[in-house]
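No lab work stands behind these numbers, since they all come straight from the coordinates. Quantities reported herein were computed from a predicted structural model and do not represent experimental measurements. Because the Cβ atoms are built from the backbone with ideal geometry, glycine has one as well, and the counts that use them run over all protein chains shown.
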Amino acid sequence: MTITSNSTYFPFNLQVAARFWRALDLAPSARELERLGRPPILFCRELAARLNRLPERAGRPVQGGVLNLYSLQGAIFRHLITRYAQGQAPGVLEKSLADAGFPLDSPQLTALLERFATLFPPAALLYGDAESPAAWLAAGGTSQRLQAVEELLLLSLAAENSALDSFRELVDDTELAATAPYRAAVTGLERALADALPVAGFGVSLTELLRAPLRAAPESLAGQLAYMRDAWSPLLPDELLAQLEVAFGIVEEETRPFWSGGGGAPAPVLEFGPGAGFPAPDDHYPEPEQFSADVDWMPNVVLMAKMVYVWLGQLSGWYGKDIHRLDQIPDEELDKLARWGVTGLWLIGIWERSPASQTIKRMCGNPEAIASAYSLYDYTIAHDLGGWEALADLRERALKRGIRLASDMVPNHTGIYSKWIVEHPDWFVQLDYPPYPTYRFTGPDLSSSPEVSIHIEDGYWDKSDAAVVFKHYDHRNGRTRYIYHGNDGTSTPWNDTAQLDYLNPEVREAVTRTILHVAHNFPIIRFDAAMTLAKKHYQRLWFPQPGLGSGVPSRAERGLTRAVFDAAMPEEFWRQVVDRAAAETPDTLLLAEAFWLMEGYFVRTLGMHRVYNSAFMNMLKMEENAKYRQTIKNVLEFNHEILKRFVNFMNNPDEKTAVEQFGKESKYFGAAVLLVTMPGLPMLGHGQVEGFHEKYGMEYRRAYWDEPVDEHLVAEHERRIFPLMRRRRLFSGSENFVLYDFFVDGAVNEDVFAYSNRRGDDRGLVLYHNRFATTAGWIRSSTSRLVRIDSGETVLRQTDLGAALGVNADGRHYYVFRDYATGLEYIRHGREIAEKGLFVELEAYEYHAFLDFREIRDDDYGTWGKLCFGLEGRGVPSIDEEVQLIRYASLVERFRGLSPFAGGKAAPKTSLERSKAFQAALAAFLKELASVAGVDGDRAATAGAVTERLDRLPGLWKSLEKGEPATELPLFPADLTARWLCAMLLVLHETGRLGGDDAEYPARSVQWFGTFGLRRALADLIHEAVEEGDESPHGDPDRLALLADIVVVYPSLGGLLGSSGRSGALQRLMDDRRVRRFIGVNRSGVVEWFVKEPFEELLSWLVLFAAVTQPPVGRALSGFGTELAELMGVRASLMALAEEAGYRVKAFLALVTPSSGRPEEESRQGILRTTAATREEEWSG
């Protein structure tokens, strides 16, 4: 019921002194609001706003909701007085006044009432409907005089009420007491009422009953009204009780602290069941298990976010050309993403945006802004991005590389100016009046249509306020609406958006059709702010249950009971969407941005395929490790299926960038390892891999910071993260996911995340220490997990590391696995894993990612047991090589026996041909090799071939010393260690002849080199040779071992470099990971570079080896003139091409391809041929 001046003394039942009615000019507003039938809260808000602007009120603001409580308290007091005086004890007020010495028609009372009406005027006087207090009293008769007496009594109560001190001046009775017998009259009236009939059901006088709330909660107006509701509800009409609940909701709304369930506030531990989320007495919704099944590709998606306009600008800079459209994105960029392991590309901001948003952004301070990516005009691809045709092109090219495109869908709202705001303005949450009377809408018209005008509230322009509505004027029918901005209740409204009304079934259907339209064009859809449309939160935000307050300011007075709300919105909107999508677009992955502890509900009950998991980012960043482990444990104890449906991220577009939150060192990579190895969907932020610090606004057309790509960070991703990311099939599921406790001296270290996963025989075990400290301990026992047993019941079970990894504990089995953090391999006894677990030491922010598990049954010789015992838990580069050293120890020993004869400081001074000791050592080696390889070749002939090749070396060294100009870093072996290595490589190259003196013998040599422990033996010899004190530039043992590996594998490549097969040979060479490492291939932006010096050195070694090994055995050589000169010419031409290419990989390979016939190509090839010929003349003398 709306209380008007016809039935109340004060407008809106609010006692206010006359001086404030005049000073604040309240009467016109009050009369207009009453005329329009507006709720009292509007007047209370206006009064609060005007009062708070008074200079003397600075620092003491009062809320409209508090004034509304006082208004309602007065209404309840008046109801009780009327009920008592007219129902239970008729005439009691007249009698009590007479007993007090102030009869109702006495001059004394008349004078008091006239003075009261002067200082606290009734509505008739305020509105000019009565000429004076005396005229008002005379016109109203007895009832009006009794009404004034009631107000006197209530004013006296207000004077006692400490809860009104925040606005005491409005009800200050000091002047009345000083100029009239006010206190004597009230005191006498109360004394007489004390002797009157007690109030029925309470046994106390009327004044004692009215004071009871003040005694119950002397400092709290809300507390007093809560007492009145609880104690007096039998006496109060339903209308007043309903108004009371709304009033409580308004106060709750005004005093509620903002809280972001996203990344802004401390993330809560995820819990399940009734009561999870924002509390309310009636907020529980059924939670049946209704997971949506994944299509085969969905579990292994790795999503990368890209702010489209910013990305296109960055691509333009990287590729040196204008890239503005989706179809201009280079194939090379898509190739790079695919190579990294990205399988989903989230294009942020591809839809046609609202031009009004751009106007707002620019007028508010960013002259280069475009519209926000989440203030949309319509769901059509932006024209300046190339429209639907450009999208189709990109989609096809991306899919060929295994990358599916993802798009946003913004269901909560549209842009403030949108297609729907013109065509369907009734589809939005709105009022016919502004919810706050102080709102003004005098700024520019933001509409691009002559049919409507759109104005945001003036406070946005001067940054003085953040209004919840904007003004929408329809020129077609003259109607004015005040439409709410989109809002999630956690901060200021999104002032460039319009909130859709989901109680309207037309809206629900229209949005569903739009979602299906998006699904037909994008296989992955991200639903922005999806949690705002879950029923419990949509009601909380826009139609709150009475008394609970709203998430959106001013909506408490528009609240609905749960029953009424459910009747208007019978089903969860998202469940309807999921079911429609499953029927019409089943190959679409639906991804919900949802917070507020709704994660489990969204995937388990509403059926979304994936849901945001902001706890991952927030808790790991803040090192709230126990909280995040508890979150994982809660999921496993409730339903593990939820875990694999999480979207994990280290930043999202609304947060600071990943490197701002995690840095670029060990903590970043530890968290990134968890990101790509935990179940769920890993999401990488725009610029995360490149190390960008700038957070891009949704209205950015370009990046404002000129940030170079952090090539070191990219390289570290390629070394540490992408190899794991490409193993998502192992890690994405939750069926075999096991979380372990990390025990240190009997206590669990909550800072260590330890977990394993399996997919068939593929197993992975990950540990990460998220703390700046060191620790060491055991993992064996798991945390609890809910499992379904044969009876169909569910129980909590634990397991252990051995069972989770499928370890055979019979004592004969060993397990080999590689740590992707260090590259080292380990071996453990199966029984030890089963019975003890695994002991691990961890430094600050250190991780281990153990993969590539192999089960090995020990042989009859105990080879694997011997190795496991000998390593004592240490990691090694290759367990297989370690086994080879044991298994082929005799062969390795004989190979090592050749080393002193090959050169270096320990080499004999006599010719190898005349060295009986060398021949004996060589014969012993070849005999053992033939036995190990199971061949019966001509050992004497092979020994002869080895000796002949070795005897060519002295002549080669002389030719090199004659023809190669001196340089600071010799390109050819000039020191003893390097020349010794060349001799050892020649021995290895010729060994394949034992299997037959045919064209395949070099391949056999390579195979035996890697199979029989010779690679590792050679590497050990290289380290020993360098440790003897060789300080030459070629003395880096790891570098020499890598070089040796390349030369052995590509022994004939040097000869091919001058042939027609050169381009193919070089392509194979540049693709080889060992070669790329040796020549220092690195990426800067989109270009791969290699380093000049190691490239030229590798060419020199390949040419040298070709010079020694190309001539057939038995053919006499007259020095190394012609043969070497030809090869040196080839080397010179390739060095020149590399220089011309600027040492860019792609450009170099393009230059070495056969001529296309273009004149410039023919000219270049001619120059190179001339260069090669010139170098040949120099070398041949």
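With the charge dipole of region 736-875 set up from +1 on Lys and Arg Cβ and -1 on Asp and Glu Cβ about the Cα centre, the Cα lying farthest toward the positive end among the listed residues 870, 766, 807 is that of 807.
At a Förster radius of 22 Å, what calculated FRET efficiency corresponds to the Cβ-Cβ distance of residue 82 and residue 105, to the nearest 0.05? If you can, show how the numbers build up before the last one.
On the way: r = 21 Å, r/R0 = 0.95.
For residue 82 and residue 105, the calculated efficiency is 0.60.
Divide the volume of the convex hull around the Cα atoms of region 11-255 by the residue count and you get 123 Å³ per residue. Between region 457-477 and region 685-750, what is the separation of their alpha carbon centroids in Å? What the calculation gives is 42 Å, centre to centre. Each Lys or Arg adds one and each Asp or Glu takes one away; over the other residues whose Cβ falls under 11 Å from the Cβ of residue 730, this sums to +4. Looking at region 736-875, the pairs of alpha carbons with a distance over 20 Å make up 49% of the total.
Comparing 435, 679, 552 along the charge dipole axis of the chain, the residue lying farthest to the positive side is 679, per the Cβ-charge model.
Hey, what does the equivalent ellipsoid look like for region 518-614, semi-axes from the Cα gyration tensor as sqrt of 5 times each eigenvalue, largest first, whole Å? Present the calculation step by step, with values, prior to reporting the outcome.
Details: eigenvalues 153, 41, 23 Å².
Here the semi-axes work out to 28, 14, 11 Å.
Between the C-alpha center of region 8-24 and that of region 293-344 there is a gap of 65 Å.
Neighbours of residue 928, meaning other residues whose beta-carbon lies under 13 angstrom from its beta-carbon, give a summed charge of +4 when Lys and Arg score +1 and Asp and Glu score -1. Per Stokes-Einstein, at 37 °C and 0.692 mPa s, what whole-number D in µm² s⁻¹ belongs to region 604-679, with the Kirkwood radius over Cα pairs as the hydrodynamic radius? Value of D from the Cα-based Kirkwood radius: 251 µm²/s.
Taking the Cα centre as origin and putting +1 on Lys and Arg beta-carbons and -1 on Asp and Glu beta-carbons, what dipole magnitude results for the chain, to the nearest 20 debye?
Working: 125 positive and 160 negative charges, 185 e Å.
I would put it at about 880 debye.
Counting neighbouring beta carbons within 10 Å and listing from fewest to most, the residues 531, 619, 363 come out as 363, 619, 531. Please compare each pair in 321/361; 361/463; 535/627; 664/695; 958/1092 to a cut-off of 20 Å on the Cα-Cα distance and tell me which ones are over it. Correct reply: 321/361; 535/627; 958/1092.
If you take every residue apart from residue 619 with its C-beta less than 15 Å away from the C-beta of residue 619, what net charge results, scoring Lys and Arg +1 and Asp and Glu -1?
Working: positive: 621, 627, 629, 633, 667, 771; negative: 271, 599, 623, 624, 655, 750, 751.
Net charge in that neighbourhood comes out at -1.
Annotation: amide H of residue 204 within the under-5 Å range of 199, sequence separation 5 or more or interchain, hydrogens built in the peptide plane. Dipole check for region 753-824: with +1 at the C-beta of Lys and Arg, -1 at the C-beta of Asp and Glu, and the Cα centre as origin, the magnitude is about 160 Debye. Counted over all Cα-Cα pairs of region 413-527, pairs farther apart than 18 Å make up 52 percent. Region 108-247 gives an Rg/Rh value of 0.98, both radii derived from C-alpha positions and Rh following Kirkwood. Fully extending the segment from residue 98 to residue 660 would add 194.4 nm, taking 0.36 nm per residue of separation and subtracting the current Cα-Cα distance. Measure out, as a whole number of angstrom, how far apart the alpha-carbon centroids of region 572-612 and region 361-430 sit. Using only Cα atoms, the two centres lie 21 Å from each other. Our coupling estimate for region 980-996, obtained by passing each phi through the Karplus curve with A = 6.51, B = -1.76, C = 1.60 and θ = phi - 60°, is 4, 4, 4, 5, 5, 5, 5, 4, 5, 4, 8, 4, x, 5, 4, x, x Hz, Gly and Pro reported as x. Projecting label points 7 angstrom from Cα along Cα→Cβ for residue 442 and residue 510 puts them 3.3 nm apart. Expressed per residue, the C-alpha convex hull volume of region 79-144 stands at 96 Å³.
Rounded to the nearest 0.05, what FRET efficiency do residue 743 and residue 230 give with R0 = 51 Å and r taken as the Cβ-Cβ distance? Could you check? Display every interim value, and only then the final one.
Numbers: r = 53 Å, r/R0 = 1.04.
E(calc), rounded to 0.05, equals 0.45.
A Förster radius of 60 Å combined with the Cβ-Cβ distance from residue 392 to residue 239 puts the calculated FRET efficiency at roughly 0.50. By DSSP, the beta bridges lying fully in the chain are antiparallel in about 70 percent of cases.
Amide H contacts of residue 1088 (H built 1.01 Å from N, in plane; Pro and chain starts excluded): 1145, 1146 sit under 5 Å, all sequence-distant by 5 or more or on other chains.
Can you give the calculated 222 nm mean residue ellipticity of the chain, where each DSSP H run of n ≥ 4 adds -39,500 (n - 2.57) and the sum is split over every residue, rounded to the nearest 500 deg cm²/dmol? If you can, show how the numbers build up before the last one.
Numbers: 49 runs with 536 residues, N = 1181.
Calculated mean residue ellipticity at 222 nm is -13500 deg cm²/dmol.
Counting beta carbons within 10 Å around each of 868, 44 and listing the fewest first gives the order 868, 44.
For the pair residue 869 and residue 975 in one chain, pulling the backbone fully straight at 0.36 nm per residue adds 34.2 nm over the alpha carbon distance. Kirkwood analysis of the chain, using all unique Cα-Cα pairs, places the hydrodynamic radius at 36.9 Å. Each of 405, 97 was scored by other Cβ atoms within 10 Å of its Cβ. Arranged with the fewest first, they read 405, 97.
Given +1 on the Cβ of Lys and Arg, -1 on the Cβ of Asp and Glu, and no further charges, what dipole in debye does region 802-925 carry about its Cα centre, rounded to the nearest 20? Intermediate results must be reported in sequence, preceding the final value.
On the way: 16 positive and 19 negative charges, 182 e Å.
Here the size comes out at about 880 debye.
Close amide H partners of residue 323, meaning residues 5 or more places away or on another chain with modelled amide H under 5 Å apart, are 316.
Pull out a ≥ b ≥ c, the square roots of the eigenvalues of the alpha-carbon gyration tensor of region 9-54, then state rounded if a/c is under 1.5, prolate if not and a/b is larger than b/c, and oblate in the remaining case.
Cα axes put region 9-54 in the prolate bin.
Highest mean packing first, where packing is the average number of other Cβ atoms within 10 Å per residue, the peptides 1014-1025, 737-748, 657-668, 439-450 line up as 1014-1025, 657-668, 737-748, 439-450.
May I ask you to compute the full-extension gain from residue 383 to residue 366, defined as 0.36 nm times their residue separation minus their alpha-carbon distance, rounded to one decimal in nm? Please report the intermediate quantities before stating the final value.
Details: separation 17, 0.36 × 17 = 6.12 nm, distance 2.24 nm.
Separation in residues times 0.36 nm, less the Cα-Cα distance, equals 3.9 nm.
Between the Cα long axis of helix 133-160 and the first principal axis of the chain there is an angle of about 50°, rounded to the nearest 10. Loop only per DSSP, at most 16 neighbouring Cβ atoms within 10 Å: give me the GluC sites (Glu not before Pro) in region 142-237, ordered by residue number. Taking region 142-237 and a limit of 16 other Cβ atoms within 10 Å, the loop GluC sites (Glu not before Pro) found are 219.
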